[in-house]
Amino acid sequence: MSILNADLHCHSVVSDGTLTPEVLAARAAANGVDLWALTDHDEIGGQHRALAAAKAQGMRYLTGTEISVTFAGVTVHIVGLGFDPDDAALVQGLSATRGGRGARAMEMAEQLAKVGIHGAYEGALRYVGNPELISRTHFARFLVEVGACRDTPEVFRKYLTEGKPGFVPHRWAQLGDAVRWITEAGGMAIIAHPARYAFTANEEWALFSEFKAHGGRGVEVVTGSHTNAEAIRYAETALEFGLAASRGSDFHSPEESHTDLGKLPLLPGQLTPVWELLADRVR
Ligand code: AMP
Ligand code: MN
Ligand code: MN
Ligand code: MN
């Protein structure tokens, strides 16, 4: 089985990470990553830089993104790997998915102002590397800066999540569209960090079934967002649904991420790694 150190999920300043694609590539290589993918939220603007940086570091590379989807009223993330980064329908679909973020951010700031936190829109913008990609993570950094919370996990416990100040419901892409954009651009669609969603057993079954029916082929089993027990659980789900398995740290920042690039357990042996099915897409 594969002992390749593949890290196929992380974020740069092109979305809500704090490092550039070049600095991420150097960090991944220093941590022993052999095969890398940068998967910015709803954005592939960093792909050409990431590929060049991976090559300069002697790593193999798969193109990547992480698309925000609304399924059964819940935000689900779909990772895409190994697609053509110049595919027009994918570029257009991601652009449409990013589209509502500016207005959403202004509404988030209005809510925060009502609980006494002023200037959050401008404050969050100072952390934004890509004006089309203002996210809750940027607000979280601002709330830590002004002392409203000690760290970003505390922000997400007290603010920005359902039922808390600063949460604005948002409709992202549809599951079938996200899977189709990735697949028709030559890539593979993968359900990101499945343990993070608050689904009932029936809803989760519906997600996996519909995802497969739309042409999705993989699931993240080993990720910085899963405990060992969750990895074991989703290894079984991968086998049950006949999905390939992916592995990625979901690294965002040296200060905020507890799982560093490449520093996570190997995939359980009986699974088919996504990179075996994507061998002809590896650059
Ligand atoms: P958005 O796409 O604007 O809804 O922001 C989602 C991002 O917020 C995720 O990709 C994470 O980076 C971050 N995030 C969400 N929930 C948490 C949490 N509980 N703790 C830390 N970061 C979180
Ligand atoms: Mn993020
Ligand atoms: Mn995610
Ligand atoms: Mn992510």
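Two numbers describe the Cα atoms of the chain: Rg and Dmax, which are 17.9, 55 Å. Stokes-Einstein diffusion of the range 59-105 at 20 °C, 1.002 mPa s viscosity, Kirkwood radius from Cα pairs, rounded to a whole number: 175 µm²/s. For the chain, the longest principal axis of the C-alpha atoms and the axis of helix 88-98 are separated by about 30°. Cross-link partners for Lys158 among the lysines, with Cα-Cα distance under 18 Å and sequence neighbours closer than 8 places in the same chain left out: Lys114. Once the Cα atoms of helix 136-145 and of the chain are each reduced to a long axis, what angle between those two axes, in degrees from 0 to 90 to the nearest 10, is obtained? In the chain, helix 136-145 runs at an angle near 50 degrees to the longest axis. Here the extension length gained between Asp86 and Asn31 equals 16.8 nm, from 0.36 nm per residue of separation less the Cα-Cα distance. Can you give me the C-alpha center-to-center distance between the range 1-61 and the range 106-169, rounded to a whole angstrom? Taking the Cα centre of the range 106-169 as reference, the centre of the range 1-61 is 27 Å away.
Seen from every direction in turn and averaged, the convex hull around the alpha carbons of the range 117-166 projects onto 3.3 nm². Angle of helix 21-30 to the longest C-alpha principal axis of the chain, folded into 0 to 90 degrees and rounded to 10: 50°. Look at the Cα gyration tensor of the range 59-166: its axes a ≥ b ≥ c give a/c of at least 1.5 with a/b over b/c, and that counts as prolate.
Where a number appears in this text, it was derived from the coordinates with a stated rule and is not lab data. What you see is a predicted model, and the numbers here were worked out from it, not measured in a lab.
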